[in-house]
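Notes to accompany the following structure.
The values are calculated or read from the model by the stated rules, or taken from the named source; none is laboratory data. Values in this document were obtained by computation on a predicted structure and should not be read as measured data. Here Cβ is always computed from backbone atoms with ideal geometry, including for glycine, and neighbour counts include all displayed protein chains. What goes into the accessible areas is simple: the full protein's heavy atoms, side chains included, and nothing from ligands, DNA or RNA. Shrake-Rupley method; radii C 1.70, N 1.55, O 1.52, S 1.80 Å.
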Amino acid sequence: MKVLVLGGDGFCGWPCAVNLADAGHDVVIVDNLSRRKIDIDLGVESLTPIATIHDRLRAWEETGGRPIHFVALDIAQDYDLLLGLLRSERPSAVVHFAEQRAAPYSMKSSATKRYTVDNNVNGTHNLLCAIVESGLDIHIVHLGTMGVYGYGSHRGATIPEGYLTVEVPQPDGSRFQEKILHPTDPGSVYHMTKTLDQLLFFYYNKNDSIRVTDLHQGIVWGTNTDLTDRDPRLVNRFDYDGDYGTVLNRFLMQAAIGYPLTVHGTGGQTRAFIHIRDSVKCVELAIDNPPAAGEKVRIYNQMTESHKVKDLAEKVAAVTGAKLNHLPNPRKEAIENDLIVDNRCLIELGLKPTTLDDGLLGEVVDVARRWADRCDRSRIPCVSTWTHSQAVALQPVI
Ligand SMILES: NC(=O)c1ccc[n+]([C@@H]2O[C@H](COP(=O)([O-])OP(=O)(O)OC[C@H]3O[C@@H](n4cnc5c(N)ncnc54)[C@H](O)[C@@H]3O)[C@@H](O)[C@H]2O)c1
């Protein structure tokens, strides 16, 4: 099957692209390399030394990988090129990772808020428009986020896979049932763009019968897969800085370099997690099991476990002996929240969840220790705040 991987140079996209190629698909990576440019703008680097996309692809072929082509293209800006690419490649599926994905970066300034909205919403809309204009039957597999459901209280309710069945009371006292998109409750501009993506998919699926699988992914942890471990030039990126680093990888990296674990607020925030190997597998399962023609948007909760931030920190401390440091929370969010999630769809399709107890925490610590001398400790604190008044409460710990 021909598959375009939009954003295939990124943290989730790169291991996914090589996995799909390894599974026998003809893969084309489409990426404008904006993530690498943001690193330069922020003055940070992946903890792991990532090769250029061209060296990655050369190494992939030299190690026996099925060739992957690369097209440099901005899906949010280069509409005609995107349409031309769809027409020439005629893919059966497009995996869409190509968005600005850091909540703290999206909250940094008016410029980064506007960039995140322009890039993410325009990119998704361009893809949908181009598929309609091409007249091709292309299945979109999109990486969304568990954050669309919100991290407020769900009052102990299990979060369903995208749709909620509600009862609508009528003036005459009768009631009827309706299945609606689960209400959204974005906690940042980045999360807001993902909720807007959902509406775009809903509309184009209804109007043009575009087939979509929207993967509401939890926070991804881990670094490499067996395939990216094949050669040092295939190594995946490892973000640890305050804008792009995600909580569990940050804790593991902090433990590796003897930096107290940065727990924000009470640490009572509950989040959903998934290991990078499972993330890659889920995308493959989604591609292999497309929605039927005319089927409404499929939504899967792509996560394997939920944890409170403080429990994660304690788990990492128990494994590594790290100390905890409670810091003011730069985000505007509930002090504590519950997150009980239905994730049966991907498990029924064959996902075998990797969990924190599977011994892979140590693997991430080993990766971080190996590259510890590349860490700029001054970039660890989270300095992007959700509101101006929170900025004063943040004192960088160097
Ligand atoms: N990393 C996580 O923990 C996580 C969790 C949930 C959801 N997701 C979602 O998965 C997707 C990928 O995340 P990631 O961690 O790999 O992010 P990433 O920033 O590492 O990768 C995104 C890639 O998309 C490219 N890109 C961005 N805008 C583009 C555009 N307009 N045109 C072409 N390419 C563009 C970037 O250059 C980058 O290579 C995102 O949509 C993100 O929201 C990630």
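Applying the selection to region 271-304, what residues are within 15 Å of the ligand (Cβ to nearest atom) and not in a helix (DSSP H, G or I)?
ARG271, ALA272, PHE273, ILE274, HIS275, ILE299, TYR300, ASN301, GLN302, MET303, THR304
Please state which of the following conditions ASP226 fails to meet, knowing it meets all the rest: (1) buried (at least 21 other Cβ atoms within 10 Å of the Cβ); (2) away from the ligand (no atom under 16 Å from the Cβ); (3) part of a loop (DSSP other than H, G, I, E, B).
Single failed check for ASP226: (1).
Among the residues of region 229-237, are any in a loop (DSSP other than H, G, I, E, B), open to solvent by less than 10 Å² (accessible area, probe 1.4 Å) and within 13 Å of the ligand (Cβ to nearest atom)?
Yes: one or more hits.
Find the strands (runs of 3 or more DSSP E) located wholly in region 119-198 whose residues include 2 or more that are under 30 Å from ASP243 (Cα atoms), and list them.
139-145
Does region 201-215 include one or more residues that are at pLDDT 95 or above, open to solvent by less than 30 Å² (accessible area, probe 1.4 Å) and within 23 Å of ARG35 (Cα to Cα)?
yes
Return yes when ARG101 is basic (Lys, Arg), within 19 Å of LEU42 (Cβ to Cβ) and at pLDDT 95 or above and no when it is not.
When the stated conditions are applied, ARG101 passes them.
Any residue at all in region 18-36 that's closer than 15 Å to ASP229 by Cα, touching a Leu at 6+ places or on another chain (Cβ under 6 Å), at pLDDT 95 or above and open to solvent by less than 10 Å² (accessible area, probe 1.4 Å)?
Looking through region 18-36, at least one residue is closer than 15 Å to ASP229 by Cα, touching a Leu at 6+ places or on another chain (Cβ under 6 Å), at pLDDT 95 or above and open to solvent by less than 10 Å² (accessible area, probe 1.4 Å).
Out of (1) in contact with a His (Cβ under 6 Å, 6 or more places away or on another chain); (2) surrounded by fewer than 24 Cβ atoms within 10 Å (Cβ to Cβ), what's the single condition that is false for VAL3?
(2)
Starting from region 223-251, take each residue that is within 27 Å of SER106 (Cβ to Cβ) and among the small types (Gly, Ala, Ser) and list its partners that are open to solvent by less than 10 Å² (accessible area, probe 1.4 Å) and away from the ligand (no atom under 11 Å from the Cβ), counting only C-beta distances under 8 angstrom and pairs at least six apart or across chains.
Cβ pairs passing all conditions: GLY242/ILE380; GLY242/SER384; GLY245/MET253; GLY245/ILE380.
From the list GLY173, GLY152, GLY156, pick out the single residue that is surrounded by 10 or more Cβ atoms within 10 Å (Cβ to Cβ) and of a type outside the set (A, V, I, L, M, F, W, C).
GLY152
Sort out which residues of region 51-70 are open to solvent by 40 Å² or more (accessible area, probe 1.4 Å) and of a type in the set (Val, Ile, Thr), and write them in order of number.
Those that are open to solvent by 40 Å² or more (accessible area, probe 1.4 Å) and of a type in the set (Val, Ile, Thr): THR52, THR63.
Name the residue that is surrounded by the most Cβ atoms within 10 Å (Cβ to Cβ), counting only residues in region 79-111 that are without any contact (Cβ under 8 Å) to a residue 24 or more places away in the chain and either touching an Asp or Glu at 6+ places or on another chain (Cβ under 9 Å) or within 14 Å of ALA130 (Cβ to Cβ) (or both).
LEU81
Select the helices (runs of 4 or more DSSP H) contained entirely in region 1-115, then report the ones holding at least 3 residues which are closer than 30 Å to TRP371 by Cβ and more than 14 Å from the ligand (Cβ to nearest atom).
Per the criteria, 13-22, 53-62.
In region 334-374, which residues are over 27 Å from ALA318 (Cα atoms) and either among the hydrophobic types (A, V, I, L, M, F, W, C) or in contact (Cβ under 8 Å) with a residue 60 or more places away in the chain (or both)?
ASP342, ASN343, ARG344, CYS345, LEU346, ILE347, LEU349, GLY350, LEU351 - these are the residues of region 334-374 that are over 27 Å from ALA318 (Cα atoms) and either among the hydrophobic types (A, V, I, L, M, F, W, C) or in contact (Cβ under 8 Å) with a residue 60 or more places away in the chain (or both).
Each row is one residue, and each column tells you yes or no for (1) modelled with pLDDT of 95 or more; (2) open to solvent by less than 40 Å² (accessible area, probe 1.4 Å).
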| site | (1), (2) |
| --- | --- |
| LEU285 | yes, yes |
| ALA313 | yes, yes |
| VAL319 | no, no |
| LYS323 | yes, no |
| VAL341 | yes, yes |
| ARG344 | yes, no |
| LEU351 | yes, yes |
| LEU361 | no, yes |
